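The values are calculated or read from the model by the stated rules, or taken from the named source; none is laboratory data. All values reported here derive from a predicted model rather than from experimental measurement. Cβ: placed from backbone, ideal geometry, glycine included. Neighbour counts: every protein chain shown.
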Amino acid sequence: MIQLPSLRHALLPFLIGVTAVGCDACGDKTGGKTPVPPGSGSTVGPMIVDQDGGKVQVTATITEELAGKVGGPLPKSGKMKAATPMAVQCKSGAQPVSPGIYGIAWADGDKDLGATEHRWGGNTTTRYNPKLGNAWSTANDWFFENVEIDSWEKFVDKAAQKGGRAAITVPIMGWVAKDTESCAFTTKEFPKQQKTDPNRKHCGNGLKPDGKTKLDPPKDPSKWQTKITPEDVAAWIAKIKAADAKRGKKVVFEYILDNEPALWDSSHRDVHPEPTTYDELLEKTIAFGTAVRKADPEAIIAGPAEWGWPGYFFSGKDAKAGFPLKPDRRAHGDEPLLAWYLKKLAEHEKKTGVKVLDVLDVHIYPQADGVQFGDDEGGDGAGNTDKATNDLRFRTTRSLWDREYKDESWIDDAVYLIPRMKDLIAANYPGLGFQIGEYNFGAEQHVAGAVALAEVLGRFALYGVSHAYYWTYPKKPKPAYWAFRAFRNYDDAGGRFQDNVVASSSPSGTSLYASRDESGKKWVLVALNFSADHPFEATINLDGCATPTAVKAYRYGNGDAAIVPGTATIAGAGLEVKLAPYSINVFELTLP
């Protein structure tokens with residue numbers, strides 16, 4: 001059987017090159033100095049889903065101003081801002097951390113990784129046929145073929161065995177694989193193509209021999225695909241619920257309404273050659289979201305799982321016409337896509353009483369040269385690892401949170417993804433959660449990639465993200481694996497970042513994330529050093545804490561094959577530490 005999740009982004013660099021053209025209109029151009037809008041000083045905490053499926057919206061105690069005191073990677077100038085102490089504000093109030101931020105794609109990762117949630121998602125899941133149970137189409141990722149795969153039952157079973165929950169992508173585009181053998185661009189119908197599948201010589205890639213010109217797909221998709229309806233999805237969810245009931249545990253807690261719709265006319269052009277519009281996205285969200293809600297009233301529903309920066313503001317139709325023209329957006333009051341989408345779904349709920357969206361879902365990948373894709377190693381999560389690219393990778397993580405950071409790619413604007421999306425929710429559909437359905441900042445194979453991933457996980461906790469799913473999953477023994485372990489299983493005995501995050505601060509070039517348990521007696525700190533060459537010595541002030549009675553230290557850094565014992569000394573109500581270059585450091589404290 002064939003499983004092709006690693007091909008998920010086979011054409012992403014090409015898509016980026018095409019989509020970026022004329023994208024000056026994507027965001028509000030501010031020269032990287034995006035002001036904090038009125039009322040945004042206090043972040044909304046995560047929506048947390050408990051083990052029984054209940055939804056709890058947490059009010060944040062950590063404002064953006066407080067969160068911003070964690071210095072993070074050095075700015076491009078390389079100069080530190082005004083000196084900020086490395087400190088934990090013990091009495092500032094704790095904010096719950098959503099366990100959903102430690103999610104991954106699929107359920108094939110090492111159990112010791114400590115992943116909490118597993119996402120069945122990616123381009124191929126758009127074409128999954130739940131009636132057959134074992135078939136989807138690889139679409140543009142691999143010769144537009146229907147292939148045999150493991151069933152959703154096996155995926156959910158593996159997620160449960162790994163100790164996590166499952167999020168299932170629901171196909172809403174309209175066409176799914178009719179079998180496990182057919183393909184769209186057969187050599188019988190299209191004898192002259194650039195390439196054919198080495199293992200299925202009759203299946204081509206849908207390009208003319210020049211490798212650039214696209215062949216028009218056959219007019220009748222029913223030759224290799226079959227339609228899927230909201231009723232089909234409802235029947236599938238009934239089976240999922242029955243399987244969970246038999247298991248005695250609700251494993252599938254979330255349904256994601258498809259995947260990257262702005263790219264359907266590229267990723268799935270064999271059946272959806274015309275670009276997605278505002279209206280199509282809304283209509284299919286309501287139709288399939290309603291079916292999901294009726295089939296599983298307690299489920300979390302997420303969407304639209306949009307691919308990246310242009311997709312937050314424009315439809316596929318706008319992208320095809322050119323962003324400055326934006327015909328679809330102009331026809332809808334010139335409202336950015338996600339703002340319009342949220343507003344219309346809020347109106348739908350008010351009118352009908354049916355809530356078809358609980359969580360806003362978007363994807364983010366670094367677009368700067370060499371960060372995610374590079375020459376060092378093939379595949380997702382590679383990227384170059386020279387010092388300049390590593391520093392760029394670190395800085396690029398600021399696009400998650402920093403309103404003043406101007407993305408150093410074709411985006412050329414301030415992204416500040418988490419605050420931006422929370423602002424959108426507050427303005428258009430208050431009460432929704434926010435999740436990042438896919439992300440990967442590259443260099444899985446290098447310690448700098450591990451430090452970048454640890455920075456990302458810390459920001460997710462601090463800024464109140466509800467769920468996040470790494471693409472695909474950090475594989476042992478790659479350094480990225482140990483970054484995940486620093487938050488989920490640093491001592492090989494289940495030691496983890498605790499359930500409540502507390503305000504902290506650190507100078508530029510370092511980060512410090514602080515957590516505690518409900519009793520306030522167990523604390524776990526994660527400290528990062530982004531420098532390639534210089535150790536960082538400091539006293540971590542535990543402001544307002546009693547003097548710790550014990551400390552255990554752990555480190556993952558350059559040259560370490562795994563997480564190893566570190567060093568820290570209790571000094572009054574503080575810790576004396578030395579952070580090695582390119583290192584992730586974990587300190588477990590016991591307080592009286």
Taking interchain pairs and intrachain pairs at least six residues apart, which have beta carbon atoms under 9 angstrom, with the first residue in the range 535-556 and within 19 Å of residue 506 (Cβ to Cβ) and the second surrounded by 21 or more Cβ atoms within 10 Å (Cβ to Cβ) and of a type in the set (Lys, Arg)?
556/485
Select from the range 380-395 the residues that are of a type in the set (A, V, I, L, M, F, W, C) and under 21 Å from the mean Cα position of the chain (by Cα) and write down the one among them that is surrounded by the most Cβ atoms within 10 Å (Cβ to Cβ).
394
Which condition does residue 389 not pass, out of (1) modelled with pLDDT of 95 or more; (2) farther than 30 Å from residue 509 by Cβ; (3) out of contact with any helix residue (DSSP H, G or I) (no Cβ under 8 Å at 6 or more places or on another chain); (4) of a type outside the set (A, V, I, L, M), if it passes all the others?
(2)
Filtering the range 198-233 down to residues that are out of contact with any Leu (no Cβ under 6 Å at 6 or more places or on another chain) and of a type in the set (Gly, Ala, Ser) yields 204, 211, 222
Count, please, the residues in the range 331-348 that happen to be surrounded by 12 or more Cβ atoms within 10 Å (Cβ to Cβ) and without any contact (Cβ under 8 Å) to a residue 24 or more places away in the chain.
2
Going through 437, 442 one at a time, which residue ends up being modelled with pLDDT of 95 or more, surrounded by 24 or more Cβ atoms within 10 Å (Cβ to Cβ), outside any loop (DSSP other than H, G, I, E, B) and not hydrophobic (A, V, I, L, M, F, W, C)?
437
The residue that is surrounded by the most Cβ atoms within 10 Å (Cβ to Cβ), considering only those in the range 206-234 that are free of Cβ contacts under 8 Å to residues at least 24 places away in the same chain and of a type in the set (D, E, K, R), is 208
Of a type in the set (A, V, I, L, M), surrounded by 14 or more Cβ atoms within 10 Å (Cβ to Cβ) and either in contact (Cβ under 8 Å) with a residue 40 or more places away in the chain or in contact with a His (Cβ under 6 Å, 6 or more places away or on another chain) (or both): does that describe residue 238?
no
Return the residues of the range 490-544 that are under 24 Å from the mean Cα position of the chain (by Cα), outside any strand (DSSP E or B) and of a type in the set (Ser, Thr, Tyr); say none if nothing qualifies.
490
If I ask for residues that are under 20 Å from the mean Cα position of the chain (by Cα), part of a loop (DSSP other than H, G, I, E, B) and either more than 20 Å from residue 259 (Cα to Cα) or aliphatic (A, V, I, L, M) (or both), which ones from the range 93-129 would you list?
97, 98, 107, 108, 109, 110, 114, 115, 116
Please verify whether residue 555 is part of a loop (DSSP other than H, G, I, E, B) and basic (Lys, Arg), treating the condition exactly as stated.
no
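The rows are residues; the columns are (1) of a type in the set (Asp, Glu); (2) under 21 Å from the mean Cα position of the chain (by Cα); (3) in a loop (DSSP other than H, G, I, E, B).
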| position | (1), (2), (3) |
| --- | --- |
| 255 | no, yes, no |
| 265 | yes, no, no |
| 271 | no, no, yes |
| 276 | no, no, yes |
| 284 | no, no, no |
| 287 | no, no, no |
| 292 | no, no, no |
| 298 | yes, no, yes |
Condition first: aliphatic (A, V, I, L, M) and assigned to a strand (DSSP E or B). Can you find one or more residues in the range 202-224 that meet it?
yes
Out of 175, 136, I need the residue that is crowded, with 24+ Cβ neighbours inside 10 Å and in contact (Cβ under 8 Å) with a residue 12 or more places away in the chain. Which one?
136
Restricting to the range 521-559, count the residues that are exposed (fewer than 15 other Cβ atoms within 10 Å of the Cβ) and under 19 Å from residue 92 (Cα atoms).
4
When (1) among the aliphatic types (A, V, I, L, M); (2) in contact (Cβ under 8 Å) with a residue 12 or more places away in the chain; (3) under 26 Å from residue 133 (Cβ atoms) are applied to residue 245, the one that fails is (2)
Within the range 73-88, is even one residue over 19 Å from residue 461 (Cβ atoms), surrounded by fewer than 22 Cβ atoms within 10 Å (Cβ to Cβ), of a type in the set (A, V, I, L, M) and at pLDDT below 60?
no
Within the range 572-590, count every residue that is assigned to a loop (DSSP other than H, G, I, E, B), surrounded by 15 or more Cβ atoms within 10 Å (Cβ to Cβ) and out of contact with any Pro (no Cβ under 9 Å at 6 or more places or on another chain).
1
Checked the range 183-197 for anything within 33 Å of the chain's Cα centre (by Cα) and surrounded by fewer than 19 Cβ atoms within 10 Å (Cβ to Cβ); matches are 195, 196, 197
Picking from 298, 283, the residue that is at negative phi and free of Cβ contacts under 8 Å to residues at least 12 places away in the same chain would be 283
Would you check if residue 132 is more than 21 Å from the chain's Cα centre (by Cα) and either farther than 30 Å from residue 486 by Cβ or among the aliphatic types (A, V, I, L, M) (or both)?
yes
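Residue-by-condition table, conditions (1) out of contact with any Cys (no Cβ under 8 Å at 6 or more places or on another chain); (2) part of a helix (DSSP H, G or I); (3) at pLDDT 95 or above; (4) closer than 16 Å to residue 259 by Cβ:
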{"residue": "305", "(1), (2), (3), (4)": "yes, no, yes, yes"}
{"residue": "323", "(1), (2), (3), (4)": "no, no, yes, no"}
{"residue": "335", "(1), (2), (3), (4)": "yes, no, yes, no"}
{"residue": "339", "(1), (2), (3), (4)": "yes, yes, yes, no"}
{"residue": "343", "(1), (2), (3), (4)": "yes, yes, yes, no"}
{"residue": "346", "(1), (2), (3), (4)": "yes, yes, yes, no"}
{"residue": "351", "(1), (2), (3), (4)": "yes, yes, yes, no"}
Of the criteria (1) among the aliphatic types (A, V, I, L, M); (2) at pLDDT 95 or above; (3) crowded, with 24+ Cβ neighbours inside 10 Å, which one residue 156 fails:
(3)
Out of the range 514-536, which residues are hydrophobic (A, V, I, L, M, F, W, C) and closer than 21 Å to residue 491 by Cβ?
514, 523, 524, 525, 526, 527, 528
Confirm whether residue 357 is outside any loop (DSSP other than H, G, I, E, B), aliphatic (A, V, I, L, M) and touching a residue at least 24 places away in the same chain (Cβ under 8 Å).
no
